[in-house]
1. Could you pull out the residue among Glu55, Glu40, Glu44, Glu33 that is of a type in the set (D, E, K, R) and closer than 25 Å to Met131 by Cβ?
2. Can you tell me which residue is surrounded by the fewest Cβ atoms within 10 Å (Cβ to Cβ) among those in the range 72-111 that are among the hydrophobic types (A, V, I, L, M, F, W, C) and within 10 Å of the ligand (Cβ to nearest atom)?
3. Looking only at the range 46-57, filter to residues that are assigned to a loop (DSSP other than H, G, I, E, B) and in contact (Cβ under 8 Å) with a residue 40 or more places away in the chain; which one of those is surrounded by the most Cβ atoms within 10 Å (Cβ to Cβ)?
4. Of all residues in the range 58-75, which are closer than 17 Å to Met131 by Cβ, modelled with pLDDT of 90 or more and assigned to a loop (DSSP other than H, G, I, E, B)?
5. How many residues are within 23 Å of Gly138 (Cα to Cα) and touching a residue at least 24 places away in the same chain (Cβ under 8 Å) when one looks only at the range 61-93?
6. Please determine, by comparing only the residues of the range 127-154 that are surrounded by 13 or more Cβ atoms within 10 Å (Cβ to Cβ) and more than 13 Å from Val78 (Cα to Cα), which one is farthest from the ligand (Cβ to nearest atom).
Amino acid sequence: MGKSDKKSLKAAQGSAPGGAGALLSILHDIMAESGCIPKERIPEIAGKLNLSQAEVYGAISFYRDFRMTPPARHVIRVCQAESCMSRGAKELNSYLETRLGIKQGSATPDNRFSVEPVYCFGNCAASPSVMIDGKLYGRVDAETLKEILDAIKD
Ligand code: FES
């Protein structure tokens, strides 16, 4: 997050009627209803809370829970923290990059898969850890990851 994003967030928190709670509550509601915050909704949100659109964008980019594009059908999260990285997560990243043609933090063009970095699942004893569609796997190697992904048919 850049300096200007922090400024926008502060401005959003300070000037929104009802404070940051009102803005966050609206953003959470839209996420729950649509799975993302469509860019077309920004002017409406800004108008409702008497904020600039930049302030709303600042808040969205500050919080990891918010996204402006629909989530991929299958979300792969690979732990990038120390224990997992030293025990094979780098190979998993390489495998995914080769198989899907995307890097951490992006999605395939058809939005079938996305790969998102996570910094510890609290599953370090079973490093490296991967979460796929909300299910946590431990001691994953490239072969296991291949089997899991091959089993996904849609
Ligand atoms: S370091 Fe990967 S789960 Fe903790």
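1. From the options Glu55, Glu40, Glu44, Glu33, the qualifying one is Glu33.
2. My answer is Met85.
3. Looking at the filtered set, the residue picked out is Leu51.
4. Ala72, Arg73
5. 19
6. Filtering first and then ranking leaves Ile152.
The values are calculated or read from the model by the stated rules, or taken from the named source; none is laboratory data. Bear in mind the structure is a predicted one, so any value in this text is a computation, not a measurement. In this analysis, Cβ positions are derived from the backbone assuming ideal geometry, glycine residues included, and neighbour counts consider all displayed protein chains.
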